[in-house]
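Visitor: Got a structure for you, questions after.
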């Protein structure tokens, strides 16, 4: 584990997660501010969050995977894609980045437009139990989209992962805003609550809902729908950060492609 965190690539990945989450929170929360002259629409907020994620995945995906979300990082750990140590460092970098982004937005926004900085809250008489289910489902579809659109083992056309993931985030917001303001991301919910010091009694929903949804997606996709053929030793090595992947899946992909294109 210690060998992994001493590499330059690991440091770059942490910086990417920090910057990506900072930018995501700044633009996302910024789109939801209630200016005296113009109130944001549901579509505007949804597109802003979705476009931000799509842009950031394109910018940082090749450096850190562009998780930008503690729930997604935990899902990748459960699916045996990253080590435990990388999971911890990613989550810390994301939370610090989110707080930094929310803090910058707070400082540059006029007092009459700050409001509660778009803190997530239960809306329209939604109960904590209902909110938990909604956040679980919203994050489940996001995590499933991420796993499916970034799976290098697929032999069909993947399309653009950045576009797919961005649209998935937009979809979640188009529905989730009515219930909870739409979190799908504990860092997004935690950051403004820290800056304005406003933690509701239901703040736990914005942690448990996304994390449960992401874990369910990781278990379903990686162990049932499209499981990795890895031994226990290989899975343990991934969790420790000592696994060195082979070209097995690339070879299988090429072979499958040849089978499909052969007369």
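Visitor: Please rank 134, 205, fewest neighbouring Cβ atoms within 10 Å first, as an exposure proxy.
Guide: Ascending Cβ contact count within 10 Å gives the list 134, 205.
Visitor: Mind jotting down the distance between the C-alpha centroids of segment 191-228 and segment 1-76, whole Å?
Guide: Spelled out, the Cα-based centre of one part sits 15 Å from the other.
Visitor: Can I ask one more? Which of 226, 49 comes first, and how do the rest follow, when ranked by fewest Cβ neighbours within 10 Å?
Guide: Listed from fewest to most nearby Cβ atoms, that is 226, 49.
Visitor: Between rounded, prolate and oblate, where does segment 3-128 land on the alpha carbon gyration tensor, with a ≥ b ≥ c its root eigenvalues, rounded for a/c under 1.5, else prolate if a/b exceeds b/c?
Guide: Here segment 3-128 falls in the prolate category.
Visitor: Now a separate question. Most mobile of 154, 86, 188 per a Gaussian network model of the chain (Cα springs, under 10 Å)?
Guide: 154
Visitor: Counting pairs of alpha carbon atoms under 8 Å apart in space and at least six apart in sequence, what relative contact order in percent does segment 13-127 give?
Guide: So the answer I get is 44 percent.
Visitor: Sticking with this structure for a sec: Round to the nearest 0.05 the FRET efficiency obtained for residue 109 and residue 41 when R0 = 22 Å and r is the Cβ-Cβ distance.
Guide: Efficiency, rounded to the nearest 0.05: 0.70.
Visitor: With 10 angstrom as the radius, rank 11, 63, 99 by how many other C-beta atoms surround their C-beta, starting from the fewest.
Guide: Least crowded to most crowded, the residues run 11, 63, 99.
Visitor: Can you bin segment 148-221 into rounded, prolate or oblate? Criterion: square roots of the alpha carbon gyration tensor eigenvalues sorted a ≥ b ≥ c, rounded for a/c under 1.5, prolate for a/b above b/c, oblate for the rest.
Guide: It is prolate, given that a/c is not under 1.5 and a/b is the larger ratio.
Visitor: Once each part is reduced to its C-alpha centroid, what is the distance from segment 120-158 to segment 78-111 in angstrom?
Guide: 19
Visitor: Shape of segment 91-147 from its Cα gyration tensor (a ≥ b ≥ c, root eigenvalues): rounded if a/c is under 1.5, otherwise prolate when a/b > b/c, or oblate?
Guide: oblate
Visitor: Can you give the three extents of the C-alpha atoms in segment 2-241 along their principal axes, from longest to shortest, in whole Å?
Guide: The Cα atoms of segment 2-241 stretch 57, 36, 35 Å along their principal axes.
Visitor: To continue, here is another question. Using Cα-Cα distances under 8 Å and only pairs 6 or more residues apart, what relative contact order does segment 2-241 have, in percent?
Guide: For segment 2-241, the relative contact order is 30 percent.
Every read-out reported here was derived from the displayed coordinates using simple, explicitly stated rules and does not represent laboratory data. Quick caveat: nothing in here was measured; it's all calculated off a predicted structure. FYI the Cβ positions are ideal-geometry reconstructions off the backbone, even for glycines, and counts take in every protein chain you see.
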